[in-house]
Amino acid sequence: MIRGFLIFNLVFFILSGCRSPEPIRIEVSPSPVASTPKPSPQPTGKTIAINIFQLDNQCNEFVTTKERVPANQPVTQAIAKTLLKANSESLDVAGYRVRVKSGVATIDFRPIPKARRSLTSLANCEQLALFGSVRRTLTQNPALRIKSVRFTDRGQLIKPQ
C-alpha cells in the first residue's frame, strides 16, 4: 500500500456557472493532511461499474478488478480505489487534486512536507504501479471519458519514466 497515501475524505467541487464549450470538472481534496485512503465503502444511489487496474507483484502486467463507483464522482473514486490497491510503502503523499478538461485529467499530487522520497525518485516498477495503474484505470474505462492523464507535483509536471 502506498504509505500515508492520500486523503480520501475528499470534498468534491464541480465548478458551475462556467459557460465554456466543454465543462470543466474539478474534484478537490480538502487539505494536505495525511490519512488512511478511504474510497466510498458501498456507493449508494446511482453507480457505474469500472475496471481498476493494478500492476502484478512481478511488475509484468496489469490485472483488473471490477468495482462500482458513485456516478456523481466517478473519476475521483476511480483514482481512490486505484491508489488504495497501489503498492509502495515508502511514498509519502498527503492527497491529490483532480481537474478534468476536454478529456484530459490532471492529477496534482500533494506530498507530505519533508517526505523521505519524491514521486520522481521512485523506482521504475513503483512509478509504473502508481502512474500506470491510475492512467490505465482512467483511460480504459469509457464511462469516465478520459483520453489522457497528466501528473503534477504541486503544479509541476511529472514525467514518469
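Values in this text are rule-based calculations from the coordinates and carry no lab data. Keep in mind that what you see is a predicted model, and the values were worked out from it rather than measured. In this analysis, Cβ positions are derived from the backbone assuming ideal geometry, glycine residues included, and neighbour counts consider all displayed protein chains.
Descriptive notes on the structure:
- In segment 53-161, Cα pairs under 8 Å separated by at least six residues give a relative contact order of 29 percent.
- Under-5 Å amide H pairs with Arg117, H placed in peptide plane, nonlocal only: Asp92
- The largest-to-smallest principal axis extents of the Cα set in segment 71-161 are 36, 23, 23 Å.
- Amide H to amide H, with H built 1.01 Å from N, Phe151 comes under 5 Å of Ile107, Ile158, counting only residues 5 or more places away or on other chains.
- ³J(HN,Hα), Karplus 6.51/-1.76/1.60, whole Hz, each residue of segment 133-146, x for Gly, Pro: 5, 5, 4, 5, 4, 6, 8, 9, 10, x, 5, 7, 6, 10
- Difference of contour (0.36 nm per residue) and Cα-Cα distance, Asn124 to Lys66: 18.3 nm
- Distance between the 7 Å Cα→Cβ label points at Ser102 and Ile158: 2.4 nm.
- Summary of packing: across the peptides 48-56, 73-81, the per-residue average of other C-beta atoms within 10 Å ranks them, highest first, as 73-81, 48-56.
- Simple spin-label estimate for Asp56 and Lys147 in nanometres, 7 Å along Cα-Cβ: 3.3
- Between Ile48 and Val69, Ala71, the built amide H atoms are under 5 Å apart, and every one of these is 5 or more places off in sequence or on another chain.
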